[in-house]
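Peer 1: Sending over a structure as structure tokens; questions will come in a sec.
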Amino acid sequence: MILLALAGCATWGGPFRRAPSPEPGTAQIELRFGGEARTYLLHVPPHPPRRFTRSEPYPLIIVLHGSGAAGETVRHMSRLDSLADLRDFVVAYPDGTRNWLGLQSGWNAGDCCGAAVRNEVDDVGFLRALVAEVSSALPVDPRRIYVAGFSDGARMAYRVGCEMSDEIAAIAVVAGSLTQRSCSPSRPIPLIAFHGTSDDEVPFTDSTYSPRARSRVETPTVVPPAVSFWASNNGCRWSEATHPAKTIHEVLFTGCRAEVAFFAIEGGGHAWPGGAQDGDDGDPPTRALSASAELVRFFLQHPLQ
């Protein structure tokens, strides 16, 4: 009984649908993939994007939850539904797979960590299938498909950047590290990343699984090894830092073939900046910066090239 109760934490209590629908609102969708039933939440805004008097296809943002959580968890933390309604994009929150006890949901993000990695779950294939299913039911702009993630979901977002750069226009990483040692995107892909310097779950300087940068990128402040690798891979030469708030250091890399932007939250923990706290035991997020607003702005400026 206790295990079942734990497994049900942060589960969806709203409407269910057998397939995506253009109907506005949020619903859970079941997708058969690899012989199993996978699920995701899909939020459709009240109106499609418009250019003058003509409707345009939707941008699609996929947001990946952290270890032990669910799509509903990161939906609550990020509060992206309200931005989707304001900026007219569709947002999907997939659920990772769980271990044999029904606990510890997560993603196969590369060389680390958890049951999904050990079981070699094809999460890249699942995300491709999700994009295809949503695109078959809604007018999705194939040049404006994006992936963001938190913690283990951020690691998965990096893997998406490594392996799906032909389909994904840009990625966003919140409190995550790169665990794909063989990362080699087929094209430079834009990245926006956020990390607290006092994160004790995914350390700011975690380099255990990150590939080495191919060339040295000079920075005016310390950046995580994964961000340095991405900047190097994108051909960035140097960077500059600004301080939009007392505890926020914004690093802008220049000379890049695809833009890289990074926000360090001084003293920040394992949290989604500007979002809701991750449960009673989660670290409090900073109020000096909204990761959701910044990543949406960044995404919509970077269609697939």
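Derivation of every value follows stated rules applied to the coordinates shown; laboratory data play no part. This one's a predicted model, so the numbers in the text were calculated from it and none came from an experiment. Virtual Cβ from ideal backbone geometry, glycine too; neighbours counted across all protein chains shown.
Peer 1: Rounded to whole Hz and in sequence order, give me ³J(HN,Hα) for the stretch 142-158 from the Karplus expression 6.51 cos²θ - 1.76 cosθ + 1.60, θ = phi - 60°, writing x for Gly and Pro.
Peer 2: Per residue, the Karplus-derived 3J(HN,Hα) values read x, 8, 10, 10, 9, 10, 10, x, 10, 6, 4, x, 5, 4, 5, 4, 4 Hz.
Peer 1: With springs only between Cα atoms under 10 Å apart, run a GNM on the chain and tell me which of P22, P188, P244 wobbles the most.
Peer 2: P244
Peer 1: Given H65, G106, W238, which one lies farthest toward the positive end of the charge dipole of the stretch 2-300, if we put +1 on the Cβ of every Lys and Arg and -1 on the Cβ of every Asp and Glu?
Peer 2: W238
Peer 1: Could you check which residue among A115, A288, A172 shows the biggest mean-square fluctuation in a GNM of the chain with a 10 Å Cα cutoff?
Peer 2: Greatest mean-square fluctuation among the candidates belongs to A288.
Peer 1: Next question, about the same structure. Please report, in debye to the nearest 20, how large the charge dipole of the chain is about its Cα centre when each Lys and Arg carries +1 at its beta carbon and each Asp and Glu carries -1 there.
Peer 2: 860
Peer 1: While we're looking at this one, here's another question. Would you please put 107-113, 204-210 in order of how densely packed they are, using the mean number of other Cβ atoms within 10 angstrom per residue and starting with the highest? Write down the numbers at each step before the final one.
Peer 2: On the way: 107-113: 22.9, 204-210: 16.9.
With the highest mean Cβ count within 10 Å placed first, the list reads 107-113, 204-210.
Peer 1: Among P203, G161, F33, whose Cα lies farthest out toward the positive end of the dipole of the chain, if unit charges sit on the beta carbon of Lys, Arg (+1) and Asp, Glu (-1)?
Peer 2: The one lying farthest along the dipole's positive direction is G161.
Peer 1: Over the chain, calculate the relative contact order: mean separation of alpha carbon pairs under 8 Å at least 6 apart, over the residue count, as a percent.
Peer 2: This gives 14 percent for the chain.
Peer 1: Using a cut-off of 11 Å between beta-carbons, work out the net charge of the residues near A245 (Lys and Arg +1, Asp and Glu -1, A245 not included).
Peer 2: 0
Peer 1: In whole Hz, with x marking every Gly and Pro, tabulate ³J(HN,Hα) for the stretch 63-73 from phi via Karplus 6.51 cos²θ - 1.76 cosθ + 1.60, θ = phi - 60°.
Peer 2: Once θ is set to phi - 60°, the couplings for the stretch 63-73 become 10, 10, 6, x, 4, x, 10, 8, x, 5, 4 Hz.
Peer 1: Using the Cβ atoms and a cut-off under 14 Å, what net charge is assigned to the surroundings of T73, where Lys and Arg are +1 and Asp and Glu are -1?
Peer 2: Net charge in that neighbourhood comes out at -4.
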